[in-house]
Amino acid sequence: MHQDRAFSPYDGADAPAVVDLWNRTLGEHYPLREELLRQNLDRNPNFRPTDAVTVRGGGRLLGFGVLGRYRGDDPLCRGWLNRAWLAAVVVEPAVQRQGIGAYIYGRLVAHADGISPSTVVPGGGTHRFFPGAPSDLPAAQPFLESLGFRFGGKVHDVRADLASFRLPAKSQRLVGARALEVRPCSEHEVGNLLNFLACEFGCGWWYHADRFFRAGGAAADWLLLARGGEVLGMARLHHPGQAIIGAPRFWRHGPGAGGLGPIGIAKSWRGLGLGLALLHHTLAGLRDRGVTDAVADWTDLPAFYAKAGFASWKQYAVAVR
Ligand SMILES: CC(C)(COP(=O)(O)OP(=O)(O)OC[C@H]1O[C@@H](n2cnc3c(N)ncnc32)[C@H](O)[C@@H]1OP(=O)(O)O)[C@@H](O)C(=O)NCCC(=O)NCCS
């Protein structure tokens with residue numbers, strides 16, 4: 001079946017052809033920019049060319065797949081060393097259902113040191129495209145199930161039109177009444193913010209924030225809910241002025257396209273309405289930066305976001321072990 005097919009590790013020179021294949025296959029729902037592909041592969045410090053595979057036949061690219069790995073030495077993220085994330089498998093529509101997708105997966109796992117199918121997760125990881133199996137790609141879940149993955153819950157990307165958003169007075173009062181404030185993080189507070197993320201939310205959010213700052217991201221693109229110098233909550237803003245493409249901006253690139261995430265409140269301060277108040281302040285911050293179309297990615301709390309005018313935009317099935 002595969003005699004006329006050539007399977008090779010990814011090479012940076014493949015990027016335009018991969019983008020073309022991707023956009024022909026799933027671009028209607030997930031239009032890929034070369035910049036995002038290169039951010040997740042070529043400029044990803046965890047990435048090695050054998051983590052991805054390209055398939056050629058008849059002189060053109062027919063398939064592509066990538067298995068994300070973590071290759072850092074951060075003590076907090078040690079648990080990721082023996083994990084892998086199946087970030088994407090894409091097969092040219094004209095040659096689907098010929099076993100190419102399954103072969104790509106088998107080859108990626110076979111070339112991954114220390115990884116067995118039981119330690120692979122579909123979606124997620126340090127440089128993801130999706131949090132799970134996208135429900136608007138009908139082949140995704142059955143294909144992944146055929147590889148042995150089982151699915152349980154669902155997560156959402158939620159979206160809101162901010163064109164007429166105004167910060168509710170109630171949210172302003174709630175923050176002020178407790179002598180708290182919501183303000184941009186300053187450069188000298190980045191360490192505090194990272195500590196807060198590590199202590200309250202663990203390695204995932206910490207890792208992505210650390211990577212953001214190492215890549216030259218601005219402290220002011222994070223809002224802090226603070227009492228004096230003490231961090232009680234945070235939210236990351238995504239807007240078109242940023243070089244780093246965060247997940248809320250993966251699939252939209254108009255002038256007003258942005259979003260938020262992660263957003264969170266310290267455990268001991270939850271249940272007081274401060275989460276919604278911080279979300280409202282975050283939306284005001286996005287408006288100030290020209291964002292009119294906001295996405296919050298990868299949430300299992302669509303009802304929380306609905307209180308601020310968001311509706312579910314994309315859904316992803318998440319795997320269970
Ligand atoms: C999903 C995708 C990669 C599958 O590639 P493929 O080469 O057609 O898959 P295979 O031929 O290896 O299929 C293996 C098995 O997966 C299942 N499967 C694949 N596509 C399916 C579909 N459209 N409907 C139902 N089951 C499907 C079947 O069990 C299949 O075995 P079978 O053909 O013997 O019944 C391809 O459809 C694609 O590129 N889709 C768009 C992108 C996408 O959804 N990617 C997945 C998540 S990132």
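Readers should treat all values here as calculations from the given coordinates under stated rules, not as data from a laboratory. Keep in mind it's a predicted model, so treat the numbers as computed, not measured. Every residue, glycine as well, gets a Cβ built from its backbone with ideal geometry; the counts of neighbours run over all protein chains shown.
In order along segment 55-71, phi translates into HN-Hα couplings of 10, 10, x, x, x, 9, 6, 10, x, 7, x, 9, 10, x, 10, 10, 10 Hz, rounded to whole numbers, per the Karplus curve 6.51 cos²θ - 1.76 cosθ + 1.60 with θ = phi - 60° and x for Gly and Pro. Computed over segment 38-110, relative contact order equals 30 percent, with contacts defined as Cα pairs under 8 Å that lie 6+ residues apart. Angle of helix 203-214 to the longest C-alpha principal axis of the chain, folded into 0 to 90 degrees and rounded to 10: 90°.
With R₀ fixed at 25 Å, the C-beta to C-beta distance from ARG227 to ALA306 puts the FRET efficiency at about 0.30. Build a GNM of the chain with springs between Cα atoms under 10 Å apart, and of GLN98, GLN141, GLN39 the one that fluctuates most is GLN98. Computed over the chain, the Cα gyration tensor eigenvalues convert (square root of 5λ each) into semi-axes of 37, 20, 18 Å, ordered from largest to smallest. You can think of it this way: the chain between ASP73 and LEU167 has 29.7 nm of extra reach, that is 0.36 nm per residue less the Cα-Cα gap.
Report, to two decimal places, the Cα Rg of segment 186-321 normalised by 2.2 N^0.38 Å (N = number of residues).
After normalising by residue count via 2.2 N^0.38 Å, the value is 1.02.
Taking the C-alpha atoms only, the angle from helix 15-26 to the longest principal axis of the chain is near 80 degrees.
Taking every C-alpha pair closer than 8 Å and separated by at least 6 residues, the mean separation divided by the residue count of the chain gives a relative contact order of 19 percent. With a simple spin-label model that places each label point 7 Å from the Cα along the Cα-to-Cβ direction, the separation between ALA17 and ARG97 comes to 2.7 nm. Around the amide H of VAL121, modelled in the peptide plane, lie the amide H atoms of ALA84, TRP85, LEU86, all under 5 Å away and 5 or more residues distant in sequence or on another chain. Using alpha carbons only, how many degrees (0 to 90, rounded to 10) separate the axis of helix 190-201 from the longest principal axis of the chain? Value to nearest ten degrees: 70. Between the amide H of LYS154 and those of VAL318, distances stay under 5 Å, these residues lying 5 or more places away or on another chain, with hydrogens modeled in the peptide plane. In a fully extended conformation the segment linking GLN315 and ARG33 would gain 99.4 nm over its present Cα-Cα distance, using 0.36 nm per residue. In plain terms, the residue of LEU260, LEU162, LEU272, LEU137 with the fewest other Cβ atoms within 10 Å comes first and the most crowded comes last, giving LEU272, LEU137, LEU162, LEU260. Stretched out straight at 0.36 nm per residue, the stretch from ARG289 to ASN195 would grow longer than its current Cα-Cα span by 31.2 nm. Paramagnetic label reach from ARG48 (point 7 Å along Cα→Cβ; backbone nitrogen cut-off under 20 Å): within segment 105-142, residues 105-121, 125-128. Taking every alpha-carbon pair within segment 51-200, the share separated by more than 23 Å comes to 56 percent.
What separates the Cα centres of segment 197-228 and segment 21-45 is a distance of 25 Å.
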